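Right, one structure below, let's go through it.
The values are calculated or read from the model by the stated rules, or taken from the named source; none is laboratory data. Note that the coordinates shown come from a computational prediction; the quantities given were computed from them, not determined experimentally. Quick reminder, even Gly has a Cβ in these numbers, built from the backbone with ideal geometry, and neighbours come from all protein chains shown. Please note that ligands, DNA and RNA were not included when accessible areas were found on the heavy atoms of the full protein model with its side chains. Shrake-Rupley method; radii C 1.70, N 1.55, O 1.52, S 1.80 Å.
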Amino acid sequence: MARRDERMSEEEEETEAESMSESESESQSGGEKSKGGLDYIMSLPDVPMKLPPHVELQRTRVLCNADAPNHTDTIQYSGAFASVGVDNSFRLDHFRDKFRVEVIRYSDEDMEFDMIGVDPALANAFRRILISEVPTMAIEKVLIANNTSAIQDEVLAHRLGLIPISVDPRLFEYADGNPLNERNSIVFKLHVRCERKKHLRRTVKASDLKWLPNGSELLESENSNSSSSSKPKTYTEFTCPQDSLPEFSDNPIGFKGKLGDIIIAKLGPGEEIELEVHAVKGIGKTHAKWSPVATAWYRMLPEVVLLEEVEDEVAENLKSKCPVGVFDIEDVANGKKRLTVSQPRACTLCRECIREGEEWEKRVSLRRVKDHFIFTVESAGALPPDVLFTEAVKILETKCESVISDLS
Amino acid sequence: MEHGSNSDNSKSSFSLVDEDHTLANAVRFTLNQDPRVSFSGYSIPHPSENRVNIRVQTTGAPAQEVLKDACQDLMMMCQHVRSTLDKAVADYKMRNQRDADSD
């Protein structure tokens, strides 16, 4: 039996070596020979292919002890396990074999998925890009014609800026200081008044913002009527109305559904707000209003392991200790009760179950799986969460590409 | 921008502008997993300067090529992540559609 296992691992090594030479022959023709040599050595029958179990546990799990978490780092160095004959270098084919994505929950607003077989360095890069580098459209300029409400101009402008705009930012260009046109901006106007006698109060909501597909309606300099031979100059230079563009003709821009219910201000009798806003494309690094996600975060998969059989009173005790209901009790033969781990995913690692002394730590081990990430992405409304994530991954790719082209 | 020695190209520092932990940490990860690398690390010299320095020392191969390969590896990983995610989401949507239809 042992003999057969060795043969199998030999065969695996060979196929790996072949696929390596195919995929990397262009980039690493120099390193090919030495790697081939390593493959030969690794295929010898008395070389261990696997780490001893206690090292494997340290490599793949964070141990959450009562005092502090242990083995929190990931081992990245390619030669970390060279002394025990285990290769820790990166192989794209290994990554492809191990990497998995499982969608847990999905809607237009948020999604939760498991990303398995990836290093925190990469998962964190995706998270950081989602929050601060995926572009969206947001209100950047507010031109206030009249504001007699209780809310100050600058506070009003700030509130307007934070309203998410549900429009695909990929259809727009960055303005970058250029004059605003139909390709790089969206213009809205807001004109509301709380009529005396008719209403006691009026709530101004995002749905009161009206899209101006022809651009700004405000004149840039009102007293320069001397050169009024051509069109009067406004704050934007639209060459054609936005609603004539194919992408917006049957899909007008506006604040629909939940986004329309966002409260901007409240007016008392006789108060009025009249303003125009210009939305442009930007990224969350510049200002959080451009962040496409309400938030995006991940946690490592919790793992709860019972190190010994826990029965009867101790089982009841342990079950009642857990505030999130990780444990369950099952009845076994002759009236005995046994503890099982039914909801390990719910574990928040509060460590309540191992807090009361060492005997509890001997019963339960709390761990986290280092390469299993539970990602949650909440979209602010511009794009569905899965599209946001793919955009984030694309941005990381462009970063790599630009480094490569800079160096060549 | 690369800072290295004229005679020995196996050790270099690379200074990348407008980048931060996002790229540097991910590249450091792929660099460290390359068997040709003997040392790699990154630093951000000053928080208000948009710049990272990546240090690469190899066992002989040109540091620049090794860094390029690391970026290449990272790109391939990203492409795989993207295609896997797209497929997983499509599968999930299809499964839910079928469940909704059968109800």
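Among the residues of the range A:392-408, those identified as touching a residue at least 24 places away in the same chain (Cβ under 8 Å) and either open to solvent by 10 Å² or more (accessible area, probe 1.4 Å) or more than 8 Å from chain B (Cβ to nearest Cβ) (or both) are A:A392, A:I395. Considering the conditions (1) within 16 Å of the chain's Cα centre (by Cα); (2) more than 10 Å from every other protein chain (Cβ to nearest Cβ), B:S48 is excluded by exactly one of them, (1).
If I filter the range A:50-72 for residues that are over 22 Å from B:N32 (Cβ atoms), open to solvent by 70 Å² or more (accessible area, probe 1.4 Å) and at pLDDT below 80, do I get at least one hit? Checking the range A:50-72: not a single residue is over 22 Å from B:N32 (Cβ atoms), open to solvent by 70 Å² or more (accessible area, probe 1.4 Å) and at pLDDT below 80.
Each row is one residue, and each column tells you yes or no for (1) of a type in the set (K, R); (2) more than 9 Å from every other protein chain (Cβ to nearest Cβ); (3) out of contact with any Lys or Arg (no Cβ under 9 Å at 6 or more places or on another chain); (4) at negative phi.
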{"site": "A:V84", "(1), (2), (3), (4)": "no, yes, yes, yes"}
{"site": "A:D87", "(1), (2), (3), (4)": "no, no, yes, yes"}
{"site": "A:L92", "(1), (2), (3), (4)": "no, no, yes, yes"}
{"site": "A:F95", "(1), (2), (3), (4)": "no, no, yes, yes"}
{"site": "A:E102", "(1), (2), (3), (4)": "no, no, yes, yes"}
{"site": "A:Y106", "(1), (2), (3), (4)": "no, no, no, yes"}
{"site": "A:E109", "(1), (2), (3), (4)": "no, yes, no, yes"}
{"site": "A:I116", "(1), (2), (3), (4)": "no, yes, no, yes"}
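Go through the residues of the range A:132-151 one by one and say whether even a single one is closer than 30 Å to A:I253 by Cβ, within 12 Å of the chain's Cα centre (by Cα) and open to solvent by 10 Å² or more (accessible area, probe 1.4 Å).
Narrowing the range A:132-151 to residues closer than 30 Å to A:I253 by Cβ: A:132-151.
Cutting the leftovers down to within 12 Å of the chain's Cα centre (by Cα) gives us A:132-134.
Those left that are additionally open to solvent by 10 Å² or more (accessible area, probe 1.4 Å): A:132-133.
Yes, the range A:132-151 contains at least one residue that is closer than 30 Å to A:I253 by Cβ, within 12 Å of the chain's Cα centre (by Cα) and open to solvent by 10 Å² or more (accessible area, probe 1.4 Å).
Somewhere in the range A:180-187, is a residue open to solvent by 30 Å² or more (accessible area, probe 1.4 Å), touching a Phe, Trp or Tyr at 6+ places or on another chain (Cβ under 7 Å) and within 30 Å of A:D73 (Cβ to Cβ)? Scanning the range A:180-187 turns up no residue that is open to solvent by 30 Å² or more (accessible area, probe 1.4 Å), touching a Phe, Trp or Tyr at 6+ places or on another chain (Cβ under 7 Å) and within 30 Å of A:D73 (Cβ to Cβ). Could you check, for the range A:195-218, whether at least one of its residues is surrounded by 12 or more Cβ atoms within 10 Å (Cβ to Cβ), part of a loop (DSSP other than H, G, I, E, B), among the basic types (K, R) and at pLDDT below 85? Scanning the range A:195-218, I find no residue that is surrounded by 12 or more Cβ atoms within 10 Å (Cβ to Cβ), part of a loop (DSSP other than H, G, I, E, B), among the basic types (K, R) and at pLDDT below 85, so the answer is no.
Identify all residues within the range A:231-253 that are surrounded by fewer than 17 Cβ atoms within 10 Å (Cβ to Cβ) and either under 21 Å from A:S166 (Cα atoms) or of a type in the set (A, V, I, L, M) (or both); write none if there are none. Outline the logic, then answer.
Going residue by residue through the range A:231-253, those that are surrounded by fewer than 17 Cβ atoms within 10 Å (Cβ to Cβ) are A:231-233, A:237, A:239-241, A:243-247, A:249-252.
Result: A:P241, A:D243, A:S244, A:L245, A:P246, A:E247, A:S249, A:D250, A:N251, A:P252.
Among residues of the range A:304-317 that are open to solvent by 80 Å² or more (accessible area, probe 1.4 Å), those with a beta-carbon under 8 Å from a residue that is among the basic types (K, R) and not in a strand (DSSP E or B) at least six positions away or on a different chain give the pairs A:L307/A:K362; A:L307/A:R363; A:E308/A:K362; A:E308/A:R363.
Do the conditions hold for A:D153, that is, is it at the interface with chain B (Cβ under 9 Å from one of its Cβ atoms) and farther than 21 Å from B:V89 by Cα? Even if it seems obvious, please write down each step before you answer.
Details: at the interface with chain B (Cβ under 9 Å from one of its Cβ atoms): no; farther than 21 Å from B:V89 by Cα: yes.
Criteria not met by A:D153.
Report the residue count in the range A:125-168 for those that are of a type outside the set (A, V, I, L, M, F, W, C), touching a residue at least 24 places away in the same chain (Cβ under 8 Å) and either assigned to a helix (DSSP H, G or I) or in contact with a Phe, Trp or Tyr (Cβ under 6 Å, 6 or more places away or on another chain) (or both). Total meeting the criteria: 5.
Within the range B:60-79, is there a residue that is at the interface with chain A (Cβ under 9 Å from one of its Cβ atoms), surrounded by fewer than 16 Cβ atoms within 10 Å (Cβ to Cβ) and closer than 30 Å to A:P385 by Cβ? Among the residues of the range B:60-79, at least one is at the interface with chain A (Cβ under 9 Å from one of its Cβ atoms), surrounded by fewer than 16 Cβ atoms within 10 Å (Cβ to Cβ) and closer than 30 Å to A:P385 by Cβ, which makes the answer yes.
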